[in-house]
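Input: a single structure, listed below in structure tokens.
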Amino acid sequence: MRLRTSETEIKHLLVAWLAISLAFTIIFERTLRPQFVLTFLISALTVGLGFVLHELAHKIVAQRYGSWSEFRAEPLMLLFAILTAFAGFVFAAPGAVVIFNPYLTREQSGKIAVAGPLTNVALSFAFLALSLLAKFIFPAHSSLPSDIVNALVFALRVGEIGSKVNGWLALFNMIPFGFFDGRKVFVWSKQAFAFATCSAILALLLSHFL
């Protein structure tokens, strides 16, 4: 299936990615304290990527069911996310995938909803694998060039943050109330809800062993 998008959607995705990455950069600078550009890159690869791929997963599954679907950023909410970051927390609601298809079934809506959190679960495990690989190689760092050592340190940091952040994103979005993905999944299938929620919990628990 060919992914259908538009110039407008691409612009909205990029703006949301940059804004969310900036917001979390402000948060991470309090604890990581490397140079700003490096922190922004870590934020973009972990939090920003998690948000963007989460939304794209909704879009792809929705299009599979014949729906018109495109991401639209919420400029005021993006600004609010950046402003709250200066207060030490981020209220992140960058936007949403707008879906139009009056014939979607409850099952289809549930599958569209669960695609986002499961994408974050997959990312959490992928970042976990990256971190473990970097840790496995790192003991031999004394014999490696300094640029490779720096790359391993960067990969380790990205893996640690990426696994934790995406685990939290998955679990947070599985809340079965309000506008969260978990509500549609719960209404569609209690088994699917339990599987996705347990997967998110497992990913989050494993990430904290790093």
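The values are calculated or read from the model by the stated rules, or taken from the named source; none is laboratory data. These numbers were taken from a predicted model, which means no experiment stands behind them. Cβ placement follows ideal geometry from the backbone for every residue including glycine, while neighbour counts extend to all protein chains displayed. These accessible areas exclude ligands, DNA and RNA; they are computed on the full protein's heavy atoms, side chains included. Shrake-Rupley method; radii C 1.70, N 1.55, O 1.52, S 1.80 Å.
Points worth noting:
- All conditions in (1) closer than 19 Å to Asn173 by Cα; (2) in contact with a His (Cβ under 9 Å, 6 or more places away or on another chain) hold for Leu49, with the sole exception of (2).
- Taken over segment 69-119, residues that are open to solvent by less than 70 Å² (accessible area, probe 1.4 Å) and among the aromatic types (Phe, Trp, Tyr) amount to 1.
- When the residues of segment 1-24 are filtered to those that are among the polar types (S, T, N, Q) and touching a Leu at 6+ places or on another chain (Cβ under 9 Å), the one that is surrounded by the most Cβ atoms within 10 Å (Cβ to Cβ) is Ser21.
- Applying the criterion of being surrounded by fewer than 16 Cβ atoms within 10 Å (Cβ to Cβ) and among the aromatic types (Phe, Trp, Tyr) to the residues of segment 173-206, the residue that is farthest from Gly95 (Cα to Cα) is Phe195.
- Only one of the listed residues (Ala62, Ala16) is touching a residue at least 60 places away in the same chain (Cβ under 8 Å) and part of a helix (DSSP H, G or I). That residue is Ala16.
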